[in-house]
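Chemist: Here it is: the structure, laid out below.
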Amino acid sequence: FKNQYWFGSELLTAPITSGTDSSTMMSSVDVWFPKGKWIDFFTGLIYNGERTVKVHRGLSEYPVFAKAGAIVPTENYSGDNTLGNKTDMTVYVFPGADNSFVLYEDSGDGNEYKNGEYATTEFSLNWGETAVFTIHSAQGETSLIPKNRNWTVMLRGFAESI
């Protein structure tokens with residue numbers, strides 16, 4: 001599975017490098033899933049690990065899978081390329097395991113981070129009879145992040161395993 005790779009600590013990607021089938025307009029790739037549960041980032045479908053599955057995608061789709069318990073913070077696209085930490089953030093949370101993730105933010109330019117000028121925000125997921133997801137208070141140089149941040153939490157992967 002030479003083209004398959006980790007994207008950060010939470011995501012597994014499997015680029016499709018084959019052509020599109022002219023009758024289905026879909027391409028496919030064999031994905032090897034390591035041990036555990038894996039959730040399709042975009043559809044929420046759950047795959048059992050320790051096996052290979054052929055996945056099909058259209059031209060505008062990309063195979064990305066989150067490990068069980070994954071926490072993936074993202075910035076909402078604002079239409080600009082300006083530096084600075086965004087006010088609107090979305091966190092994707094995937095079920096199935098305890099996990100924590102630390103979001104690191106700095107000014108985006110310069111070397112001030114070397115002198116401790118950065119902020120961190122921890123996210124934690126405790127998975128059991130009930131799930132508890134927590135966004136902890138930012139630590140460090142909190143002047144680098146917006147005073148009023150809007151968080152959207154997206155829960156993915158609450159479907160049957162295939």
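Chemist: Before we move on, is ALA119 farther than 29 Å from PHE42 by Cβ and among the aliphatic types (A, V, I, L, M)? Steps first, please.
Modeler: Values: farther than 29 Å from PHE42 by Cβ: yes; among the aliphatic types (A, V, I, L, M): yes.
Spelling it out, ALA119 is indeed farther than 29 Å from PHE42 by Cβ and among the aliphatic types (A, V, I, L, M).
Chemist: Just for the range 1-44: of the residues that are small (Gly, Ala, Ser) and surrounded by 11 or more Cβ atoms within 10 Å (Cβ to Cβ), which one is nearest to the chain's Cα centre (by Cα)? Even if it seems obvious, please write down each step before you answer.
Modeler: Here is the first cut: in the range 1-44, the ones small (Gly, Ala, Ser) are 8-9, 14, 18-19, 22-23, 27-28, 36, 44.
Imposing the further condition that a residue be surrounded by 11 or more Cβ atoms within 10 Å (Cβ to Cβ) reduces the set to 9, 14, 27-28, 36, 44.
Values: SER9: 9, ALA14: 14, SER27: 23, SER28: 22, GLY36: 17, GLY44: 12 Å.
It comes out as SER9.
Chemist: Just need a number here: residues in the range 103-127 that are within 16 Å of ILE71 (Cβ to Cβ) and out of contact with any helix residue (DSSP H, G or I) (no Cβ under 7 Å at 6 or more places or on another chain).
Modeler: The initial filter retains those residues of the range 103-127 that are within 16 Å of ILE71 (Cβ to Cβ), namely 103-105, 120-127.
Within this subset, residues satisfying the condition of being out of contact with any helix residue (DSSP H, G or I) (no Cβ under 7 Å at 6 or more places or on another chain) are 103-104, 120-127.
Number satisfying all stated conditions: 10.
Chemist: Which members of the range 128-140 meet the condition of being in a loop (DSSP other than H, G, I, E, B) and loosely packed, with under 11 Cβ neighbours inside 10 Å?
Modeler: Step one: list which residues in the range 128-140 are in a loop (DSSP other than H, G, I, E, B), which gives 128-131, 136-138.
If the condition is that a residue be in a loop (DSSP other than H, G, I, E, B) and loosely packed, with under 11 Cβ neighbours inside 10 Å, then GLY128, GLU129, THR130, SER137 are the ones that fit.
Chemist: Residue under question is LYS2, and the condition is that it be closer than 25 Å to ASN99 by Cβ and among the basic types (Lys, Arg); does it hold?
Modeler: Values: closer than 25 Å to ASN99 by Cβ: no; among the basic types (Lys, Arg): yes.
No.
Chemist: Kindly indicate whether THR13 is out of contact with any His (no Cβ under 7 Å at 6 or more places or on another chain), closer than 27 Å to ALA97 by Cα and hydroxyl-bearing (Ser, Thr, Tyr). Steps first, please.
Modeler: Details: out of contact with any His (no Cβ under 7 Å at 6 or more places or on another chain): yes; closer than 27 Å to ALA97 by Cα: yes; hydroxyl-bearing (Ser, Thr, Tyr): yes.
So THR13 fits the description; yes.
Chemist: Look through ASN85, ASN148 and report the one residue that is touching a residue at least 24 places away in the same chain (Cβ under 8 Å), surrounded by 12 or more Cβ atoms within 10 Å (Cβ to Cβ), more than 30 Å from SER28 (Cβ to Cβ) and of a type outside the set (A, V, I, L, M, F, W, C). Spell out how you get there, then give the answer.
Modeler: On the way: ASN148 fails: surrounded by 12 or more Cβ atoms within 10 Å (Cβ to Cβ).
Residue meeting the stated conditions: ASN85.
Chemist: Taking LYS37 as the residue in question, decide whether it is within 17 Å of TYR92 (Cα to Cα) and of a type in the set (Lys, Arg).
Modeler: Details: within 17 Å of TYR92 (Cα to Cα): yes; of a type in the set (Lys, Arg): yes.
The answer is yes for LYS37.
Chemist: For the range 88-111, how many residues are surrounded by 14 or more Cβ atoms within 10 Å (Cβ to Cβ), assigned to a strand (DSSP E or B) and polar (S, T, N, Q)?
Modeler: 2
Chemist: Name the residue that is farthest from ASP21 (Cα to Cα), counting only residues in the range 35-75 that are touching a Pro at 6+ places or on another chain (Cβ under 7 Å) and assigned to a strand (DSSP E or B).
Modeler: The extreme case among them is VAL55.
Chemist: One residue is enough: does the range 141-161 have a residue meeting the conditions in a loop (DSSP other than H, G, I, E, B), in contact with a Phe, Trp or Tyr (Cβ under 8 Å, 6 or more places away or on another chain) and within 30 Å of LYS37 (Cα to Cα)?
Modeler: Within the range 141-161, the subset in a loop (DSSP other than H, G, I, E, B) is 141, 145-149, 156-160.
Pick out the ones that are also in contact with a Phe, Trp or Tyr (Cβ under 8 Å, 6 or more places away or on another chain) and you get 141, 156-157.
This time we only want the ones that are within 30 Å of LYS37 (Cα to Cα), so: 156-157.
Looking through the range 141-161, at least one residue is in a loop (DSSP other than H, G, I, E, B), in contact with a Phe, Trp or Tyr (Cβ under 8 Å, 6 or more places away or on another chain) and within 30 Å of LYS37 (Cα to Cα).
Read-outs throughout are calculated quantities, based only on the coordinates presented, and are distinct from any laboratory measurement. Note that the structure is a prediction, hence the values are computed from the model and not measured. Here the Cβ is made from the backbone with ideal geometry for all residues, glycine too, and neighbour counts use every protein chain on show.
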